Structures are given as C-alpha cells and as structure tokens.
Amino acid sequence: MAGSKKNLNKKSAREIKLNSPEELRKMIAETAYCLAEQRGFEGGCQLHDWLEAEARIHRIHGKAV
C-alpha cells in the first residue's frame, strides 16, 4: 500500500501547472543555463539556448511555442 501512496503523491512534469509568467520564465532560464553548461558555456549561443529551452518547457507542458 505504501508504494501506491508514493506513486499518487508524485506529480509528473505534465501535471505541474505554471501559475505565472514568472514561473515559466524561471523554468526556461534554468533550462537554458543547463544547456549552456552542457556545451561548456561557449559564447555566442545564448539565444539558441533560450529558444531550445522554451521549446522543451512548452513541449513538456503541452503548449505550443
């Protein structure tokens, strides 16, 4: 039974609702930072990182970019 309760308490990424534009911006910024980190923070890719992060967040939450 405890395992079932644990699964009920976990929320998937699709279940998390974005309550404000600021929350959305924060999630995009954090994702863009992770993308930059993965490529070693090489310069000149900030816009690409941001747009890719936007697309990923919107895809996860089922929204069009």
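Bear in mind that the values in this text are calculations on the coordinates, not laboratory data. Note that the coordinates shown come from a computational prediction; the quantities given were computed from them, not determined experimentally. Reconstructed Cβ throughout: ideal geometry from the backbone, glycine too, with neighbour counts over all protein chains shown.
When peptides 30-38, 50-58 are sorted by average Cβ neighbour count within 10 Å, with the highest value leading, the order is 50-58, 30-38. Applying the Karplus relation 6.51 cos²θ - 1.76 cosθ + 1.60 with θ = phi - 60° to the range 46-52 yields 3J(HN,Hα) values of 4, 5, 4, 4, 5, 5, 5 Hz, where x marks Gly and Pro.
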